[in-house]
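Working notes, beginning with the structure itself.
Nothing in this text is a laboratory measurement; each read-out follows from the coordinates by a stated rule. Everything quoted here is computed from the prediction, not taken from an experiment. Counting neighbours? That spans all protein chains shown, and the Cβs are built from the backbone with ideal geometry, glycine included.
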Amino acid sequence: MKITEMAHLYVKTALREGGVAVDATAGNGHDTLFLARLAGPGGRVYAFDIQEEALQRTSALLQQENLLDRVKLIKAGHEQMSAYVNEAVSAVMFNLGYLPGGDHRIVTGKGTTLAALKEALTLLQNGGVITVVAYPGHPGGKEEQEALLDYCKTLNSREYRVAYTFYLNQAHHPPVLITVHKL
Ligand SMILES: C[S@@+](CC[C@H](N)C(=O)[O-])C[C@H]1O[C@@H](n2cnc3c(N)ncnc32)[C@H](O)[C@@H]1O
């Protein structure tokens with residue numbers, strides 16, 4: 001199982017049909033599609049990206065699957081999440097780094113990612129989950145991951161359960177998964 005698939009397993013525990021979710025990094029739209037399927041016809045998915053190209057790819061994928069009606073595509077940084085989402089959410093997914101097949105110089109950054117995680121926590125309902133897949137291998141990736149871990153360690157254990165997962169026997173800088181469950 002890829003670490004991104006493991007993130008999906010966690011989301012499945014929290015997002016039910018009719019639920020509300022956020023894809024904080026729409027990219028090629030795979031996570032948005034996954035969330036849209038889980039949320040079902042009565043649910044909603046807010047998908048953020050700063051690149052028009054990413055939102056167009058996401059839109060095309062969702063249209064192809066006939067699921068675009070339950071998705072709101074937002075061209076804005078995820079650090080502005082609560083300006084666009086005015087309801088409690090069951091799941092927020094982050095898949096950090098750059099757009100595969102796009103401009104590798106446009107990447108998530110530790111300041112905005114941390115700000116977005118804090119915004120996501122304010123929106124998360126009890127029983128909800130935030131998943132963050134981070135890539136320490138590209139420039140700035142390690143610093144971003146460390147900033148996230150340092151912050152997550154400070155979360156109150158009576159309110160949140162935080163886990164950190166990566167494959168111990170993968171070479172170089174394997175991607176990592178951070179999950180935050182609101183109790
Ligand atoms: C690894 S890709 C996401 C892949 C996507 N989840 C998928 O399933 O295809 C990371 C995306 O984050 C976007 N991004 C970078 N900074 C951002 C920010 N501040 N707010 C929202 N998206 C951002 C990039 O444009 C890129 O498309």
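Does any residue of the stretch 96-103 turn out to be surrounded by fewer than 20 Cβ atoms within 10 Å (Cβ to Cβ), within 14 Å of the ligand (Cβ to nearest atom), in contact (Cβ under 8 Å) with a residue 24 or more places away in the chain and of a type in the set (Ser, Thr, Tyr)? Yes: the stretch 96-103 contains one or more residues that are surrounded by fewer than 20 Cβ atoms within 10 Å (Cβ to Cβ), within 14 Å of the ligand (Cβ to nearest atom), in contact (Cβ under 8 Å) with a residue 24 or more places away in the chain and of a type in the set (Ser, Thr, Tyr).
Among the residues of this structure, GLU144 counts as one that is crowded, with 22+ Cβ neighbours inside 10 Å, more than 14 Å from the chain's Cα centre (by Cα) and in contact (Cβ under 8 Å) with a residue 12 or more places away in the chain.
Looking across the stretch 85-102, just one residue is polar (S, T, N, Q) and under 18 Å from THR113 (Cβ atoms), and that is ASN95.
Of all residues in the stretch 128-183, those satisfying the criterion of being of a type in the set (A, V, I, L, M) and in a helix (DSSP H, G or I) are ALA147, LEU148, LEU149. For the stretch 104-115, a residue qualifies if it is within 6 Å of the ligand (Cβ to nearest atom) and charged (D, E, K, R), but none of them does.
Applying the condition of being touching a residue at least 40 places away in the same chain (Cβ under 8 Å) and within 12 Å of the ligand (Cβ to nearest atom) to the stretch 12-31 and asking which residue is farthest from the chain's Cα centre (by Cα) yields ASN28. On the basis of being within 15 Å of the ligand (Cβ to nearest atom), under 16 Å from the mean Cα position of the chain (by Cα) and surrounded by fewer than 22 Cβ atoms within 10 Å (Cβ to Cβ), does MET6 make the cut? Yes. Among the residues of the stretch 104-127, the one identified as in a loop (DSSP other than H, G, I, E, B) and either on the phi > 0 side of the Ramachandran plot or of a type in the set (Lys, Arg) (or both) is ARG105.
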